[in-house]
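To start, the structure under review is shown below, and the notes come after it.
The values are calculated or read from the model by the stated rules, or taken from the named source; none is laboratory data. Since this is a predicted model, take the numbers as computed values, not measurements. Because the Cβ atoms are built from the backbone with ideal geometry, glycine has one as well, and the counts that use them run over all protein chains shown. Heads up: the accessible areas ignore ligands, DNA and RNA and are worked out on the full protein's heavy atoms, side chains in. Shrake-Rupley method; radii C 1.70, N 1.55, O 1.52, S 1.80 Å.
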Amino acid sequence: EKAQSKVEARNFEIRKQLLKFDDVMNDQRTVVFEQRKEIMRATDVQDTVSEMRREAVAQIVERAVPAGSFSDQWDAEQLKADATRVLAVDVPAEEWFAEDGVAETEIEERLGDMADRYMAEKAVRIGPDMMRMAEKSLLLQVLDQQWKEHLLSLDQLRQGISLRAYAQKDPLNEYKREAFTMFESLLAGLRETVTMVLSHVEIRQPEAPAEAEAAAPAAPPRPMPQRKVS
């Protein structure tokens, strides 16, 4: 009876510990699912996408212009490459960095304005209604895909986190800390990926049947069958 009570107590502690690990994942799941419900209920997610684009711009500038650095330490090639990759815009980074007294906030504002103008022109080109539909559809697709990858990463982290106990560290606290860092990376990656996909996507309006028929080349005349004369 004493052995059985000890085993049951140990199993109870293990289950209680597992529930604490599950609580970390459930908290993140609640945040993501609430955001997803808001996107599903919304008829227009333009404001959400615009906010994501501005935050992606801030991330791009932060990589090229590290906090507390001098202008000669700024990376113009990094800014140009990230702006082309994420925002699909060509940035004169060398000219901006060469200006006297230019600040990080001014560069971020210029880059954000360029990205906003580019997306506004794209919306006019493909049609506002089509653009709004593409924004909502792509936002949901990217969110679902990155959330699946995040769950897989959390599961891999959880499988090996118990080894931290050998270093005199609490595995649960280590899991909470790293899971929070991974969740922040998920949100940053979501903003950048959504911005990149929408910047590079091209949507073509379907042609009307009459226009498609008129544009199609005329079929060549079929040759008349030759009648054999005996």
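Listed by first and then second residue, the pairs with beta-carbon distance under 8 Å, at least 6 apart or on different chains, first residue in region 94-115 and closer than 11 Å to residue 58 by Cα, second at pLDDT 90 or above and not in a helix (DSSP H, G or I), are 104/65; 107/65; 111/89; 111/91.
Taken over region 172-187, residues that are modelled with pLDDT under 90 and surrounded by 18 or more Cβ atoms within 10 Å (Cβ to Cβ) amount to 1.
Regarding residue 135, is this residue open to solvent by 70 Å² or more (accessible area, probe 1.4 Å) and modelled with pLDDT of 90 or more? No: the conditions fail for residue 135.
If I filter region 116-131 for residues that are touching a residue at least 24 places away in the same chain (Cβ under 8 Å), in a loop (DSSP other than H, G, I, E, B) and either open to solvent by 20 Å² or more (accessible area, probe 1.4 Å) or out of contact with any Leu (no Cβ under 9 Å at 6 or more places or on another chain) (or both), do I get at least one hit? Yes: region 116-131 contains one or more residues that are touching a residue at least 24 places away in the same chain (Cβ under 8 Å), in a loop (DSSP other than H, G, I, E, B) and either open to solvent by 20 Å² or more (accessible area, probe 1.4 Å) or out of contact with any Leu (no Cβ under 9 Å at 6 or more places or on another chain) (or both).
Among the candidates 90, 113, 144, 100, single out the residue that is assigned to a loop (DSSP other than H, G, I, E, B) and at pLDDT 90 or above.
Working: 113 fails: assigned to a loop (DSSP other than H, G, I, E, B); 144 fails: assigned to a loop (DSSP other than H, G, I, E, B); 100 fails: at pLDDT 90 or above.
One residue alone meets the criteria, 90.
If the condition is being modelled with pLDDT of 75 or more and open to solvent by less than 60 Å² (accessible area, probe 1.4 Å), then region 1-33 contributes 21, 22, 24, 25, 28, 32.
Restricting attention to region 34-79, the residues that are more than 20 Å from the chain's Cα centre (by Cα), charged (D, E, K, R) and surrounded by 12 or more Cβ atoms within 10 Å (Cβ to Cβ) total 1. Scanning region 152-171 for residues that are touching a residue at least 40 places away in the same chain (Cβ under 8 Å) and open to solvent by 50 Å² or more (accessible area, probe 1.4 Å) yields a count of 1.
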